[in-house]
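Here the structure is laid out as structure tokens; the discussion comes afterwards.
FYI, it's all coordinate maths here, none of it is from the lab. All values derive from a computational prediction rather than experimental measurement. Reconstructed Cβ throughout: ideal geometry from the backbone, glycine too, with neighbour counts over all protein chains shown.
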Amino acid sequence: MEREILVASTNPGKLAELKSMLGGGIKWVGLSGFSGIEEVTEDGATFAENARKKALGYAKAAGLWTIADDSGLVVDALGGEPGVKSARFSGEKESDRGLLDSENMEKVLRLLKGVPAESRTARFVCHLCLASSEKVLLETEGTLEGVIAEEEKGENGFGYDPIFFVPELNKTVAELKGEEKNRISHRGNAIRKLKPLLDELLG
């Protein structure tokens, strides 16, 4: 029998990514299929705390195993910021996502003005957590190392992708095609680590 697993997100892209990378034998469902579930507040100090909180909270509310992730950008010259505040770095605004992404990038570029290339090191981090309503079942973390560019470049992706430059590829993440991005992305790396663990868990 197929195991039903809730993905703690309303983002159809995230659902599709997990489905394609973690494979069959699982019925993946998104949060948009559940009405009346209260949003879990992400107030943890780390990506791991937030992912656990979301996975456990939504698993209890929905009565299903739940996979949640928390991810973001960590910039060394900014003392690890924006970190867990990545999605709302420019403030808690009721704003459309594209506009907010743009404001967040502008803030990072502004704070790094005059900082030389060798000191603009950064990484994308993704912490994944699978939980039942009682406990955490599996956890993995993936990263992607890079540097913050001087300006936005590329049309693909979302979030900070246009300013995140990957030296080995000589491109920003926003200049990568979907498959290329999945091959190296922090989320892709976390999912790849999770797959053998999930296969083993499901027997």
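Return the single residue from 187, 52, 110 with maximal mean-square fluctuation; model: Gaussian network over the chain, springs between Cα atoms under 10 Å.
Among 187, 52, 110, the largest mean-square fluctuation in the Gaussian network model of the chain belongs to 110.
So for 7, 40, fewest C-beta neighbours within 10 Å to most, what's the order?
40, 7
For segment 130-183 and segment 77-92, what is the centre-to-centre distance using only Cα atoms, to the nearest Å?
Answer, in whole Å: 16.
Can you give me the Kirkwood hydrodynamic radius for the chain, using every pair of distinct Cα atoms, in Å to one decimal?
For the chain, inverting the mean 1/r across all distinct Cα pairs yields 17.6 Å.
Quick one: work out the % antiparallel among DSSP beta bridges in the chain, nearest 5.
Around 75 percent antiparallel, to the nearest 5.
Sorting 105, 21 on the 10 Å Cβ count, fewest up front, what's the list?
Least to most surrounded, the residues fall as 21, 105.
Just how large is the dipole of segment 3-202 about the Cα centre, in debye to the nearest 20, putting +1 at every Lys and Arg Cβ and -1 at every Asp and Glu Cβ?
460
Using a 10 Å cut-off around each Cβ, can you sort 74, 125, 115 from fewest to most neighbouring Cβ atoms?
115, 74, 125
Can you tell me the 0 to 90 degree angle between the C-alpha axis of helix 12-22 and the longest principal axis of the chain, rounded to 10?
Its long axis makes an angle of about 70 degrees.
Which shape class applies to segment 114-163: rounded if a/c is under 1.5, otherwise prolate when a/b exceeds b/c and oblate if not, where a ≥ b ≥ c are the square roots of the Cα gyration tensor eigenvalues?
Because a/c hits 1.5 or more and a/b exceeds b/c, segment 114-163 counts as prolate.
Under 28 Å Cα to Cα from residue 27, which lysines show up? Leave out anything in the same chain fewer than 8 places away.
Cα-Cα hits under 28 Å: 14, 19, 53, 54, 60, 135, 177, 181, 193, 195.
Taking the chain as the reference, fit the longest principal axis to its C-alpha atoms, fit the long axis of helix 97-111 to the helix C-alpha atoms, and give the angle between the two in degrees, 0 to 90, nearest 10.
For 97-111 against the chain, the angle is about 40 degrees.
Once Lys and Arg get +1 and Asp and Glu get -1 on their Cβ, which of 82, 9, 71 lies farthest toward the positive end of the dipole of segment 3-202?
9
What 222 nm value per residue comes from the helices of the chain, counting each DSSP H run with n ≥ 4 as -39,500 (n - 2.57) and dividing by all residues, nearest 500 deg cm²/dmol?
Helix-only estimate at 222 nm: -10500 deg cm²/dmol.
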